[in-house]
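The values are calculated or read from the model by the stated rules, or taken from the named source; none is laboratory data. All values reported here derive from a predicted model rather than from experimental measurement. Reconstructed Cβ throughout: ideal geometry from the backbone, glycine too, with neighbour counts over all protein chains shown. These accessible areas exclude ligands, DNA and RNA; they are computed on the full protein's heavy atoms, side chains included. Shrake-Rupley method; radii C 1.70, N 1.55, O 1.52, S 1.80 Å.
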Amino acid sequence: MLQIQDTLVSLDLVERFFCCDLDKCLGQCCIEGDAGAPVTEAEVEKIKEILPEIWDDLLPSARREIEENGVSYVDSEGDLVTGIVEGRNCVFTTYGAGGMCHCAIEKAYREGRIDFCKPVSCHLYPVRIKEYEKFTAVNLHRWKICHCAEVLGRKLGLRAYRFLEGPLVRRFGREWYDELVATCDEYLRQFGGDDAPAD
């Protein structure tokens, strides 16, 4: 672990190579798992505000779920998360050519229709944040669907902490990120990081 201000950062974020390869994974992180994406109360309110702008982009089953249960719920671990349909799809998942998953919120943002990119937990993924009383843990979630991202990241020589600059700055601020980069770069100079093939 590396300590950056009041956070503890997993060495996976420093050592692992990572670059999303959507042509290979097709955005499966939007549909795999047993719960929706973590959201804050403020994000839920923002999603409700922009909902009319993305409504027509949502799947019919997602619209029904939102009409019946809202855009979020509290999961079995007590976390506030986005709604899901069919036991897997985030309610904001849409599909493009070849079965590619897209986020309806991010799509509308990129098209300039709304001013909200997507929940910060989605933006940060595969980083996962856990808040504790005295510190915040910053971990890298590793699972089979992101194997192709580790392969591409290694091919490009791109470490996870570099790939995730935008969302990390959004969540923690530029000063925090600059300190992270300086600390990671020094760590890699001293210890070399992980040069084994992605497993």
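Would you tally the residues in the stretch 20-76 being open to solvent by 30 Å² or more (accessible area, probe 1.4 Å) and under 24 Å from E165 (Cα atoms)?
12
How do the strands (runs of 3 or more DSSP E) wholly within the stretch 1-80 filter down when requiring 1 or more residues that are of a type in the set (S, T, N, Q) and out of contact with any helix residue (DSSP H, G or I) (no Cβ under 6 Å at 6 or more places or on another chain): which remain?
Because the criterion is at least 1 residues that are of a type in the set (S, T, N, Q) and out of contact with any helix residue (DSSP H, G or I) (no Cβ under 6 Å at 6 or more places or on another chain), the strands (runs of 3 or more DSSP E) in the stretch 1-80 that meet it are 2-4, 7-9.
Counting only residues that are closer than 19 Å to V120 by Cβ and among the small types (G, A, S), which one in the stretch 150-183 is farthest from the chain's Cα centre (by Cα)?
G173
State whether the residues of the stretch 144-166 include one that is within 16 Å of P38 (Cβ to Cβ) and either of a type outside the set (V, I, T) or at pLDDT below 95 (or both).
no
Yes/no per residue for (1) under 23 Å from F163 (Cα atoms); (2) buried (at least 18 other Cβ atoms within 10 Å of the Cβ); (3) modelled with pLDDT under 90:
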position	(1), (2), (3)
R88	no, no, yes
G99	no, no, yes
R110	yes, no, no
F116	yes, no, no
P119	yes, yes, no
L124	yes, yes, no
K134	no, no, no
V138	yes, yes, no
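Just the residues that are in contact with a helix residue (DSSP H, G or I) (Cβ under 6 Å, 6 or more places away or on another chain) and aliphatic (A, V, I, L, M), please, taken from the stretch 157-174.
Those that are in contact with a helix residue (DSSP H, G or I) (Cβ under 6 Å, 6 or more places away or on another chain) and aliphatic (A, V, I, L, M): A160, L168, V169.
Just one of the numbered conditions (1) of a type in the set (G, A, S); (2) in contact (Cβ under 8 Å) with a residue 40 or more places away in the chain; (3) closer than 30 Å to I50 by Cβ is not true of G153; which one?
So the condition that G153 fails would be (3).
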